[in-house]
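K.L.:
One structure follows; several queries about it will come next.
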Amino acid sequence: MFAALTSSNTSSESASDTPSDTALMTAYAGGSAAAFEQLYARHQAGLYRFVRRLLGSAHSAQTDEVFQDTWLRVVKARAQWEPQGASFRTWLFTLAHHRAIDLLRRSGREVSMDASEGEGNDPWQPDATAWQHWPAPISAHASAAPHSEELAFWRRAGERLLHCLDGLPLPQRSAFLLHHDDDMALADVAAALDVGFETAKTRLRYAMKKLRACMGAYLAPLSRSTDLSDSTDSTEGGAL
């Protein structure tokens with residue numbers, strides 16, 4: 001019991017010793033290069049993924065440009081930076097989002113920021129039927145190895161999701177990536193996109209509606225094939 005308490009206290013102290021983003025950015029603004037290195041190490045993977053998926057396949061070659069320019073803007077703004085409600089991470093992703101929009105517009109693409117772009121006047125209703133026959137997600141803690149059909153299904157699902165994301169209007173894609181891919185709370189998504197809470201929620205709803213339809217239509221034949229395979233395995237097992 002004493003060992004458990006010691007371990008718990010050590011863990012708590014270790015967690016409290018980890019500086020927050022705000023503390024690191026404040027230290028960096030004061031001249032600490034080491035603080036910037038910690039911020040970069042903490043956020044570079046998530047930011048790069050967000051930029052790459054936000055730009056889509058058509059502009060993936062510019063991912064490095066937007067990613068590097070976002071960090072350059074952090075460097076340039078360090079002396080004036082002050083925490084003002086939004087977290088450092090939200091501010092960082094806001095910079096990246098603005099930079100991505102600038103690049104897309106510069107490339108000649110018309111970027112609409114209408115939350116309901118491409119939608120009719122009918123209110124959105126959740127549609128669970130598109131994904132209801134999919135196999136359960138593969139878990140790292142599963143007791144049995146997944147079937148080859150399940151591995152193929154989820155590999156194909158991941159590839160298709162990226163394709164479906166490319167088809168979303170930029171405002172909806174941004175909301176989806178921030179909320180589902182980067183685990184931002186909806187209020188933080190709204191702050192990062194510089195829109196109201198209800199607008200962010202509307203964009204996310206439309207994004208989910210389109211992704212469900214896109215993913216469900218594409219993967220339905222494979223899911224039926226997987227169901228048939230499982231049924232065959234069960235029948236053969238019963239015969240034995």
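The values are calculated or read from the model by the stated rules, or taken from the named source; none is laboratory data. Since we're looking at a predicted model, the values are computed, not measured. All Cβ positions, even for glycine, are placed from backbone atoms using ideal geometry, and neighbour counts span all protein chains on display.
K.L.:
Please determine whether any residue of segment 169-181 is over 27 Å from F93 (Cβ atoms) and at pLDDT below 90.
P.N.:
From segment 169-181, those over 27 Å from F93 (Cβ atoms) are none; that's our starting set.
The answer is no, given that none of the residues of segment 169-181 is over 27 Å from F93 (Cβ atoms) and at pLDDT below 90.
K.L.:
Can you tell me which residues in segment 59-88 are within 23 Å of D188 (Cβ to Cβ) and acidic (D, E)?
P.N.:
Result: D69, E82.
K.L.:
Further, regarding this structure: Do we find that G158 is closer than 30 Å to A100 by Cβ, at pLDDT below 85 and in a helix (DSSP H, G or I) in this structure? Full working, then the answer.
P.N.:
On the way: closer than 30 Å to A100 by Cβ: yes; at pLDDT below 85: yes; in a helix (DSSP H, G or I): yes.
Yes.
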